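Input: a single structure, listed below in structure tokens.
The values are calculated or read from the model by the stated rules, or taken from the named source; none is laboratory data. Since the model is a prediction, treat every value here as computed from it, not as a measurement. Note that each Cβ is placed from the backbone with ideal geometry, even for glycine, and that neighbours are counted across all protein chains shown. These area figures cover heavy atoms from the full protein model, side chains too; ligands, DNA and RNA do not enter into them. Shrake-Rupley method; radii C 1.70, N 1.55, O 1.52, S 1.80 Å.
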Amino acid sequence: MSDAKRIKLDSRERPVIVTHSGTFHADEALAVHLLTKLPALADAELVRTRDPAEIAKGTVVVDVGAEYLPSAHRYDHHQRGFFETFDAEHKTKLSSAGLVWKHFGRDILAAHMQCADDDERIPTLYRKMYDDFVEAIDGHDNGIPLYPGISDPPAYRSRTDLSSRISFMNPRWNETWDDADLLARFRRASKLAGTEFFERVDDAVESWLPARQLVVDALRARTSFEGADPAGRIVLFERAVVWKSHIFELEEELGITEKPLEQVARAGRACESRELREPPRSARSMARHP
């Protein structure tokens, strides 16, 4: 049973999402919006507090309470001894956004895409949205530098400056405000974070995934098209496609060992070929031929 399905609701009471009061950050702003995508929490009341008695009433509690207890839907990351990561392959400590995505991401995607929770697209999107969006928020909130050392590769991908934009939505130091104003600001910040997140999901569903499938098809057909290299070192694309973000990962997934691969794009009678040497995150040399 998924974590989302384990949320127990009293039919007589409205569910409550609790996060901390005071200055807000991108991690809990996103976490709250993500949670409201779940049908069980779609109309949840939002409470911002640091009062233990109020926190205890929460159906789901994020970024406050000094407790990480998924069975009780408590998702804080500030307590001593907390070193949870997305999975064994990731090293970035989770914030509340990462915790919510880790435990509810698949159900959130299914709800947003209006598909079954076992849809074959979900595992790929679940990983992609963490890598491309959520992990940077985790890293920023936990004070993890993007570049640990001068010569080190980036610790995570940073493709949005959402954390900074959310920070600027807090009141200025010399600005007067009250709890009602801060709650309204938080709601706007949460909507901003969630809107941007799901725009990226939609882009992945409508553009990134179809491109990925075309690359998969081309890789699988690399020995069967007319004029193919018997060793499978030529990949033919019959139409223009965004392939760079897919091909190196798919080589590994599909167990392709022929190196180097040569990518050929056919446009009418003309062809363009490129030798594929290194993954796109590095400084790659690509030979272009007429």
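Across segment 32-58, what is the total count of residues that are under 23 Å from A111 (Cα atoms), in a helix (DSSP H, G or I) and open to solvent by 80 Å² or more (accessible area, probe 1.4 Å)?
Residues in segment 32-58 being under 23 Å from A111 (Cα atoms), in a helix (DSSP H, G or I) and open to solvent by 80 Å² or more (accessible area, probe 1.4 Å): 1 in total.
In this structure, does A218 turn out to be under 20 Å from the mean Cα position of the chain (by Cα), at pLDDT 85 or above, surrounded by 14 or more Cβ atoms within 10 Å (Cβ to Cβ) and not in a loop (DSSP other than H, G, I, E, B)?
Working: under 20 Å from the mean Cα position of the chain (by Cα): no; at pLDDT 85 or above: yes; surrounded by 14 or more Cβ atoms within 10 Å (Cβ to Cβ): yes; not in a loop (DSSP other than H, G, I, E, B): yes.
Against the criterion (under 20 Å from the mean Cα position of the chain (by Cα), at pLDDT 85 or above, surrounded by 14 or more Cβ atoms within 10 Å (Cβ to Cβ) and not in a loop (DSSP other than H, G, I, E, B)), A218 does not qualify.
From the list H20, H25, pick out the single residue that is without any contact (Cβ under 8 Å) to a residue 60 or more places away in the chain and under 21 Å from W177 (Cβ atoms).
Working: H25 fails: without any contact (Cβ under 8 Å) to a residue 60 or more places away in the chain.
None of the other options fit; the residue is H20.
Has segment 104-111 got at least one residue that is over 20 Å from L69 (Cα atoms), open to solvent by 20 Å² or more (accessible area, probe 1.4 Å), touching a helix residue (DSSP H, G or I) at 6+ places or on another chain (Cβ under 8 Å) and in a helix (DSSP H, G or I)? Write out each step before concluding.
Taking segment 104-111 and keeping what is over 20 Å from L69 (Cα atoms), we get 109-111.
Those left that are additionally open to solvent by 20 Å² or more (accessible area, probe 1.4 Å): 111.
Narrowing the set further to residues that are touching a helix residue (DSSP H, G or I) at 6+ places or on another chain (Cβ under 8 Å) leaves 111.
Now restrict to residues that are in a helix (DSSP H, G or I): 111.
Yes; the residues of segment 104-111 include at least one that is over 20 Å from L69 (Cα atoms), open to solvent by 20 Å² or more (accessible area, probe 1.4 Å), touching a helix residue (DSSP H, G or I) at 6+ places or on another chain (Cβ under 8 Å) and in a helix (DSSP H, G or I).
Among the residues of segment 1-31 satisfying the criterion of being among the acidic types (D, E) and open to solvent by less than 100 Å² (accessible area, probe 1.4 Å), which is modelled with the lowest pLDDT?
It comes out as D10.
Just wondering, is there one or more residues in segment 67-84 that are touching an Asp or Glu at 6+ places or on another chain (Cβ under 8 Å) and among the aliphatic types (A, V, I, L, M)?
no
Checking K93 against (1) assigned to a loop (DSSP other than H, G, I, E, B); (2) among the charged types (D, E, K, R); (3) touching a Pro at 6+ places or on another chain (Cβ under 9 Å), which single condition isn't satisfied?
Unmet for K93, out of (1) assigned to a loop (DSSP other than H, G, I, E, B); (2) among the charged types (D, E, K, R); (3) touching a Pro at 6+ places or on another chain (Cβ under 9 Å): (3).
Does A88 satisfy the condition of being among the aliphatic types (A, V, I, L, M), part of a loop (DSSP other than H, G, I, E, B) and exposed (fewer than 15 other Cβ atoms within 10 Å of the Cβ)?
Numbers: among the aliphatic types (A, V, I, L, M): yes; part of a loop (DSSP other than H, G, I, E, B): yes; exposed (fewer than 15 other Cβ atoms within 10 Å of the Cβ): yes.
Yes, satisfied.
So which of D152, D229, D138 ends up being part of a loop (DSSP other than H, G, I, E, B), among the acidic types (D, E) and open to solvent by less than 30 Å² (accessible area, probe 1.4 Å)? Steps first, answer last, please.
On the way: D152 fails: open to solvent by less than 30 Å² (accessible area, probe 1.4 Å); D138 fails: part of a loop (DSSP other than H, G, I, E, B).
Exactly one of D152, D229, D138 is part of a loop (DSSP other than H, G, I, E, B), among the acidic types (D, E) and open to solvent by less than 30 Å² (accessible area, probe 1.4 Å), namely D229.
Inspect all residues belonging to segment 59-72 and state whether any of them is of a type in the set (G, A, S), surrounded by 12 or more Cβ atoms within 10 Å (Cβ to Cβ) and within 25 Å of E196 (Cβ to Cβ).
Going residue by residue through segment 59-72, those that are of a type in the set (G, A, S) are 65-66, 71-72.
Then drop every residue that is not surrounded by 12 or more Cβ atoms within 10 Å (Cβ to Cβ), which leaves 65-66, 72.
Next, from what is left, pick out any that are within 25 Å of E196 (Cβ to Cβ): none.
Within segment 59-72, none of the residues are of a type in the set (G, A, S), surrounded by 12 or more Cβ atoms within 10 Å (Cβ to Cβ) and within 25 Å of E196 (Cβ to Cβ).
Can you name the number of the only condition in (1) at pLDDT 95 or above; (2) buried (at least 18 other Cβ atoms within 10 Å of the Cβ); (3) under 19 Å from R200 (Cβ atoms); (4) in contact with a helix residue (DSSP H, G or I) (Cβ under 7 Å, 6 or more places away or on another chain) that R121 fails?
With respect to (1) at pLDDT 95 or above; (2) buried (at least 18 other Cβ atoms within 10 Å of the Cβ); (3) under 19 Å from R200 (Cβ atoms); (4) in contact with a helix residue (DSSP H, G or I) (Cβ under 7 Å, 6 or more places away or on another chain), R121 is out only on (2).
List the residue pairs whose Cβ atoms are under 8 Å apart, where the first residue sits in segment 157-179 and is without any contact (Cβ under 8 Å) to a residue 12 or more places away in the chain, the second is not basic (K, R), and the two are 6 or more positions apart or on different chains.
Once the first residue is without any contact (Cβ under 8 Å) to a residue 12 or more places away in the chain and sits in segment 157-179, its partners that are not basic (K, R) give W177/P171.
If you go through segment 117-127 one residue at a time, do you hit one that is outside any helix (DSSP H, G or I), over 18 Å from A31 (Cβ atoms) and hydroxyl-bearing (S, T, Y)? Please lay out each step first, then the result.
Just the residues of segment 117-127 that are outside any helix (DSSP H, G or I), to begin with: 117-121.
From what is left, the residues that are over 18 Å from A31 (Cβ atoms) are 117-121.
If we keep only those that are hydroxyl-bearing (S, T, Y) as well, we get none.
No, every residue in segment 117-127 fails to be outside any helix (DSSP H, G or I), over 18 Å from A31 (Cβ atoms) and hydroxyl-bearing (S, T, Y).
Restricting to segment 177-200, name every residue that is small (G, A, S) and crowded, with 17+ Cβ neighbours inside 10 Å. Break it down into steps so the answer makes sense when it comes.
So in segment 177-200, the residues small (G, A, S) come out as 180, 184, 189-190, 193-194.
Across segment 177-200, the qualifying residues are A189, S190, A193, G194.
When you look at D138, is it closer than 19 Å to V62 by Cα and touching an Asp or Glu at 6+ places or on another chain (Cβ under 8 Å), yes or no? Before the answer, list the steps.
Working: closer than 19 Å to V62 by Cα: yes; touching an Asp or Glu at 6+ places or on another chain (Cβ under 8 Å): yes.
Yes; evaluated as a whole, the condition is true for this residue.
Please go through segment 232-248 and give me each residue that is surrounded by 15 or more Cβ atoms within 10 Å (Cβ to Cβ) and either touching a helix residue (DSSP H, G or I) at 6+ places or on another chain (Cβ under 9 Å) or among the aliphatic types (A, V, I, L, M) (or both), ordered by number.
Keep residues of segment 232-248 that are surrounded by 15 or more Cβ atoms within 10 Å (Cβ to Cβ), which gives 232-237, 241, 243-248.
Selection gives G232, I234, V235, L236, F237, V241, W243, S245, H246, I247.
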